[in-house]
Ligand code: SF4
């Protein structure tokens, strides 16, 4: 059987897209491989969101291209960088055989059909049966945040029809999946034939066998009380809301084209905590946006201290060619950006550690996702929020939902004992 090796960079949408490509390949007889050198096909799914992400992907592709010289191996590049650079990638890196841009994911079946005929007699062979998986409900983005390349490489916002999402969920449940994260660049603006995102979630929550539901990413400008009420209405929903704030200064938020103020964001946090008091709220934060002053950076810090995010993805701004922000005058040196980032990370890490510590003694419901590598009696799981939990225990298997008590915190992981 031919084999395929995947290297996936970037966000969960890319993980979901790699999975879709793999399923189509498996219908053509491919099996997954964990060795790029011996596989017949290498697929590199790329990210364009930051310059550093592109650099990493390019160097990996070059490595694969150099190794395959003289061998009968195919090298495909997919995802956002593939969309941004298109056919130029083949000239930049000799040895790339096929470039599939992110926008082509909508008709990926046809693209793969054009290069690999379907082999109906080959059964699908999946590498593993994970208990958690991703299902995209939207593709693209219409928001054009000033710093972001996504609308240019992923295209306009499109909602996946309910029937297709339901079929995808049922197929995954039949493979043993218990928890699904519904994905989109801005899931809150889902709209298909009158079904909005809260309606979609409530419909999906009625599917038998789907035990836990997560979703990301929520945009603060579209996050409504109807959505939070839906999430608080059933235990199937994780008590985790990822709500990227990006900055704490209203002037910077306006420059970023985010569509909300710091006060509106703080109001949303209050509303979420009213409905889901123990919610883990997480965020994305960008420092050093062009013209951000020291005072404005301090406003971000004070918002972070007030809101107390469980965790956050924090980045220093870097311009992406073609975005609005790329033409703004950068007045902040690379050194200053790194200093601000380090200060923010220190503040947020302290908050994360204290939130984990406060959880010690609490009863948690965890979904076991698998065994910790190399330790037979150590199992990994996640609570209903976003906390990682380690459990020392036997007679456990992936997919079980267990009641445990947190007995210790190692900073970013909870150690727990089984109750039920
Ligand atoms: S909402 Fe803004 S940051 Fe998120 S993908 Fe769309 S443009 Fe990018």
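Each principal axis of the stretch 363-418 carries a Cα extent, and these read 22, 20, 16 Å when sorted largest first. Can you tell which of 386, 11, 145 shows the greatest fluctuation in a Gaussian network model of the chain with Cα springs below 10 Å? Checking each option, the largest mean-square fluctuation is seen for 11.
Once Rg and the Kirkwood radius are both taken over the C-alpha atoms of the chain, their ratio Rg/Rh works out to 0.96.
The stretch between residue 67 and residue 108 holds 12.1 nm of extra length on full extension. This uses 0.36 nm per residue minus the Cα-Cα distance.
Contour minus end-to-end for residue 56 and residue 418, with contour as 0.36 nm per residue of separation and end-to-end as the Cα-Cα distance? Can you show the working numbers first?
Values: separation 362, 0.36 × 362 = 130.32 nm, distance 4.09 nm.
Result for the pair: 126.2 nm of gain on full extension.
Under 10 Å, Cα contacts only: if you run a Gaussian network model on the chain, which one of 102, 52, 316 comes out with the highest mean-square fluctuation? Of 102, 52, 316, the most mobile in the Gaussian network model is 52.
Could you list 28, 405, 156 in order of exposure, starting from the residue whose Cβ has the fewest other Cβ atoms within 10 Å? Each step should come with its number before you reach the end.
Details: 28 18, 405 14, 156 10.
In order of increasing Cβ crowding within 10 Å: 156, 405, 28.
Structure remark: mean-square fluctuation, Gaussian network model of the chain, C-alpha springs under 10 Å; the largest value among 92, 24, 301 belongs to 92.
Quick check: residue separation of residue 360 and residue 395 times 0.36 nm, minus the Cα distance between them. What number comes out in nm?
Values: separation 35, 0.36 × 35 = 12.60 nm, distance 2.37 nm.
Full extension of this stretch gives 10.2 nm more.
Ranked by how many other Cβ atoms sit within 10 Å of their own Cβ, fewest first, the residues 245, 307 fall in the order 307, 245. Label separation (residue 313 vs residue 234): 2.7 nm, computed from points 7 Å beyond Cα along the C-beta direction. Residue exposure proxy: 1, 138, 400, ordered by other Cβ atoms within 10 angstrom of their Cβ from fewest to most, comes out as 1, 400, 138. In the chain, the DSSP-assigned H stretches of four residues or longer account for a calculated mean residue ellipticity at 222 nm of -10500 deg cm²/dmol, using -39500 (n - 2.57) per stretch and the full residue count as denominator. Expressed per residue, the C-alpha convex hull volume of the stretch 126-234 stands at 112 Å³.
No lab work stands behind these numbers, since they all come straight from the coordinates. Note that this is a predicted model, so its numbers are computed, not measured. Note that each Cβ is placed from the backbone with ideal geometry, even for glycine, and that neighbours are counted across all protein chains shown.
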